[in-house]
Protein chains: 2
Amino acid sequence: MDDKLVKYSAPVLRRLPMYHHFLQQLKHQGLTTISAAVLAKHFNLDGIIVRKDLALTGSVGKPRVGFEIAGLIKTIEEYLGWNKLNRGVLVGCGNLGKALLGYEGFSQNGFNIDAVFDSDPLLVGTQVHGKEVLPLSKLPNLCLRMHTEIGILTVPSSQAQSVAELMVEGGIKGIWNFSPSGLNVPRGIAVLQQSLAGSLAVLVKQVEDIKK
Amino acid sequence: MDDKLVKYSAPVLRRLPMYHHFLQQLKHQGLTTISAAVLAKHFNLDGIIVRKDLALTGSVGKPRVGFEIAGLIKTIEEYLGWNKLNRGVLVGCGNLGKALLGYEGFSQNGFNIDAVFDSDPLLVGTQVHGKEVLPLSKLPNLCLRMHTEIGILTVPSSQAQSVAELMVEGGIKGIWNFSPSGLNVPRGIAVLQQSLAGSLAVLVKQVEDIKK
DNA sequence: ATTCAATCGATACGAAAATAACGATAACTG
DNA sequence: CAGTTATCGTTATTTTCGTATCGATTGAAT
């Protein structure tokens, strides 16, 4: 039976982790409460946006006081599923792949990279950030066995499509694609295109705009 | 006098580079024309979106034929300012910083990283991807002299704010922030928050959604 | 030459996000 | 204890984005 059209908003999902990070800093500083306005100002956002984002997670604040920081952190984590363990595999041990492997933001937020793959025989067998690099051929079976659902793709664009197909074969349900190539995947597989050039294009236009 | 409300759309700016990359592949394969529908399918987009995006750049197609690939590439480059040379500096030579320095997508699209900085004395003076790492203290003056407008920030979040302040001092107009921290900058400075955790959160939700 | 089909381009519509407005509540003040 | 004010939470408005519809144009087919 069809589930009641589960709603999620990408803009909100992108902002919540930023709040979360800042809130943890505040918590470490010993603060206990914060108003939506202060949170908003720290990210150059409108206060209303923050209040609505937080409302979505189920957080409730108190007038004249704000939100309890510890509670906020908890509800955000629950909303994002960061209390459960999320898992993925990474393919492509170049500079970018290594950088992502070392990104603390993942391990800190309940995301674990189960396995690392590369097509380069020289890299296979070596250790990267404490994980052994496996040959691509092992990807499908390993993902199937571990029920891995997320694949991080940091290979050159010439290999992107073929690796994506291996991921699909392995039952991967969502691909985070850092290559600029589009991926041709069956329906039912999510592709998140992480376009660095696109982000830069946005920033460049913003700067041009400022100069007038 | 106020310039006529220059309009730009972030979603469009994020898609255009993807088209551009694909079009260059096609060109190398010897193709000369392409329809919006084919382009759309390659990125799992609606054909109407592609047509409207291309219309925005000033490209014109011919019925029953499509768009001329070489012309498309040119108009996209003009629209994005990729024909002019754009420049920036990068601060933070960790894994991520190195990865961005090596990213071909930048050099290929007319974006040049003029200088690289790090606070670590052990890194200063070394070469990374053919560029010498400079001490942070030199940042403001160098940016002022070169009129650098873009700053790429790939330092740990504890240093993000102080580096941002140096960038502002150096006349930087747009900061591409890869740290999860918010940046407190004066009005008139653009900050593009590149939230990796946020992107991952979006993908995880999409995958959850698929499973129903 | 006429018909047909594919593709573009423009207009119109709907959904989603950001912004604004306003009433409600709880702490502080005198 | 009453008034004031900061802050929340809801509803409404506007803007932006994506989608649908439809006529116009051009190349191919008959």
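What follows is calculated from the coordinates using simple rules that are stated; it is not laboratory data. Quick caveat: nothing in here was measured; it's all calculated off a predicted structure. Here Cβ is always computed from backbone atoms with ideal geometry, including for glycine, and neighbour counts include all displayed protein chains.
If R0 is 60 Å, the Cβ-Cβ spacing of residue B:29 and residue A:37 corresponds to a FRET efficiency of close to 0.65. Please list, by residue number, everything in the range A:34-49 whose backbone N is under 12 Å from a paramagnetic label point 7 Å out along Cα→Cβ of residue A:65. Only A:34 pass the distance filter. The range A:70-107 and the range A:151-212 have Cα centres separated by 18 Å. Residues B:64, A:87, ranked from the fewest to the most other C-beta atoms within 10 Å, line up as B:64, A:87. Projecting label points 7 angstrom from Cα along Cα→Cβ for residue B:7 and residue B:159 puts them 4.3 nm apart. Of B:146, B:18, the sequence from fewest to most neighbouring Cβ atoms within 10 angstrom is B:146, B:18.
Remark: label point of residue B:132 defined 7 Å out from Cα along the Cα-Cβ vector; separations to the same position in other copies 4.4 nm, ascending. According to the Kirkwood relation over distinct C-alpha pairs, the hydrodynamic radius of the range A:109-187 is 13.0 Å.
Sorted shortest first, the distances from the residue B:121 label point to those of the same residue in the other copies are 4.6 nm; each point sits 7 Å from Cα along Cα-to-Cβ.
With the simple spin-label model, which puts each label point 7 Å out from Cα in the Cβ direction, the residue A:120 to residue A:46 separation comes to 4.7 nm. Please figure out what share of the DSSP beta bridges in chain B is antiparallel and state it in percent, rounded to the nearest 5. Of the beta bridges lying entirely in chain B, close to 20 percent run antiparallel. The distance from the alpha carbon centre of the range B:1-68 to that of the range A:3-60 is 35 Å, rounded to a whole number. Among residues of chain B, the one whose beta-carbon sits closest to the B-to-A rotation axis is listed with its distance in Å as B:99, 2.
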